Amino acid sequence: MGRATPRRSSTTLRVTNQDSRAHTVHVLLFDGDSLAHWASQQVPAADDEGLGTATFEGYPPDLEPTRLLARRDEQTSAATQFDFTAHDADCLGLRLEIGEQRPDPHLVVWYTGDPCENETATAE
């Protein structure tokens with residue numbers, strides 16, 4: 001079943017880090033089975049001042065990805081995945097979060113179905 005209207009997705013992707021160590025996060029966006037965009041971002045460590053944050057920017061504005069894969073440096077588990085096609089929303093906003101679990105902090109994708117009007121996010 002296809003969508004009647006094209007889906008928009010945000011052209012920025014924020015990452016927050018709750019861990020006391022800095023990490024590099026790698027993101028791959030796919031259009032079907034084809035890799036459409038790949039980027040890496042250094043995310044500072046959390047400290048007494050607050051969470052470490054970074055923003056991926058600059059992916060093509062006309063890109064309508066079908067899948068996102070994200071992986072943290074030294075991650076021992078499989079890459080974190082988000083399937084855009086599993087969500088029936090006109091616009092999707094995503095945020096990545098690195099937890100503070102030891103020894104292998106988890107990377108989680110949070111999403112909202114309408115990033116322009118709703119700040120509530122749900123973990124994937």
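The values are calculated or read from the model by the stated rules, or taken from the named source; none is laboratory data. None of these values were measured; they are calculated from a predicted model. Every residue, glycine as well, gets a Cβ built from its backbone with ideal geometry; the counts of neighbours run over all protein chains shown.
Out of region 72-107, which residues are part of a strand (DSSP E or B), free of Cβ contacts under 8 Å to residues at least 60 places away in the same chain and in contact with a Leu (Cβ under 7 Å, 6 or more places away or on another chain)? Quick ask: steps written out before the conclusion?
First pass over region 72-107, keeping only residues part of a strand (DSSP E or B): 72, 80-83, 91-98, 107.
Filter once more, keeping what is free of Cβ contacts under 8 Å to residues at least 60 places away in the same chain: 72, 80-83.
Within region 72-107, R72, T80, Q81, F82 qualify.
If you take the residues in region 50-75 that are among the aliphatic types (A, V, I, L, M) and more than 12 Å from the chain's Cα centre (by Cα), which one is farthest from D88 (Cα to Cα)?
L51
Within region 42-55, does at least one residue satisfy the condition of being in contact (Cβ under 8 Å) with a residue 12 or more places away in the chain and among the charged types (D, E, K, R)?
Checking region 42-55: at least one residue is in contact (Cβ under 8 Å) with a residue 12 or more places away in the chain and among the charged types (D, E, K, R).
I'm told D19 meets every condition in (1) modelled with pLDDT under 95; (2) over 18 Å from V108 (Cβ atoms) except one. Can you identify the failing condition by its number?
(2)
Which is surrounded by 12 or more Cβ atoms within 10 Å (Cβ to Cβ) and either in a loop (DSSP other than H, G, I, E, B) or not hydrophobic (A, V, I, L, M, F, W, C) (or both), of P61, P65?
Answer to the check: P65.
Which of the residues spanning region 87-104 are buried (at least 18 other Cβ atoms within 10 Å of the Cβ) and at pLDDT below 85?
Of everything in region 87-104, those that are buried (at least 18 other Cβ atoms within 10 Å of the Cβ) and at pLDDT below 85 turn out to be L92, G93.
For region 56-86, what are the residues that are within 18 Å of D33 (Cα to Cα) and at pLDDT below 85?
Across region 56-86, the qualifying residues are Y59, P60, D62, L63, E64.
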